[in-house]
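The values are calculated or read from the model by the stated rules, or taken from the named source; none is laboratory data. This is a predicted model, so every value here is computed, not measured. Note that each Cβ is placed from the backbone with ideal geometry, even for glycine, and that neighbours are counted across all protein chains shown. Areas reflect the complete protein model, heavy atoms only, side chains present, ligands, DNA and RNA absent. Shrake-Rupley method; radii C 1.70, N 1.55, O 1.52, S 1.80 Å.
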Amino acid sequence: MSRVNIVLFVMLLASSVYLVRVSYDARRLFAEREQARNEERALNTEFERLTAERQTQATPLLVEKAARDKLAMRNATPAVTQYVTWARAASAPQPGATR
């Protein structure tokens, strides 16, 4: 065999190995992409389920029931309302007053 044939044979082997490696990487990346898409679909489904659950839990009747049962809250009536007033201190300067 001549030197040219040996060089061409080595180049053919190298390109064959490279082609196999690239094909393997392409299949691996395709599988990873499909796995990521499946995970995305599962996460979107879970997000939609949680959004629907949050909307049902946030209805006024359920919020009021939870406030009464779990927090022992009750409606505000004049009998249980405490009004807080702010009394200005006698030594505090009046607005617009000069000393």
For this session: Could you state the accessible area per residue of the chain in Å², with a 1.4 Å probe and every protein chain left in place?
Result: 99 Å²
Exercise. From the list (1) -0.32, -0.70; (2) -0.41, -0.67; (3) -0.73, -0.91, can you say which value of log10 I(q)/I(0) by the Debye sum over Cα atoms at q = 0.10, 0.15 Å⁻¹ was derived from the structure given?
Worked result: (3)
Exercise. Which of the listed residues, V22, M73, L61, is farthest toward the dipole's positive end in the range 9-74, when Lys, Arg count +1 and Asp, Glu count -1 at the beta-carbon?
Worked result: M73
Seminar exercise, completed: Heavy-atom accessible area of the chain with neighbours in place, 1.4 angstrom probe: carbon+sulfur share in percent works out to 62 percent
Seminar exercise, completed: With +1 at each Lys and Arg Cβ and -1 at each Asp and Glu Cβ, the charge dipole magnitude of the range 6-91 around its Cα centre, to the nearest 20 debye, comes out at 320 debye
For this session: Just need the Rg to Rh number for the range 1-43, please, alpha carbons only, Kirkwood Rh.
Result: 1.45
For this session: Please determine, in degrees from 0 to 90 and to the nearest 10, the orientation of helix 3-57 with respect to the longest principal axis defined by the Cα atoms of the chain, where the helix direction is its Cα long axis.
Result: 20 degrees
Exercise. What is the sum of charges around L19, taking Lys and Arg as +1, Asp and Glu as -1, for the other residues whose C-beta is under 14 Å from the C-beta of L19?
Worked result: +1
For this session: Would you rank E39, E64 by solvent-accessible area, highest first, keeping every protein chain in place and using a 1.4 Å probe?
Result: E39, E64
For this session: Compute the long axis of helix 60-69 from its Cα atoms, compare it with the longest principal axis of the Cα atoms of the chain, and write down the angle in degrees, 0 to 90, nearest 10.
Result: 70 degrees
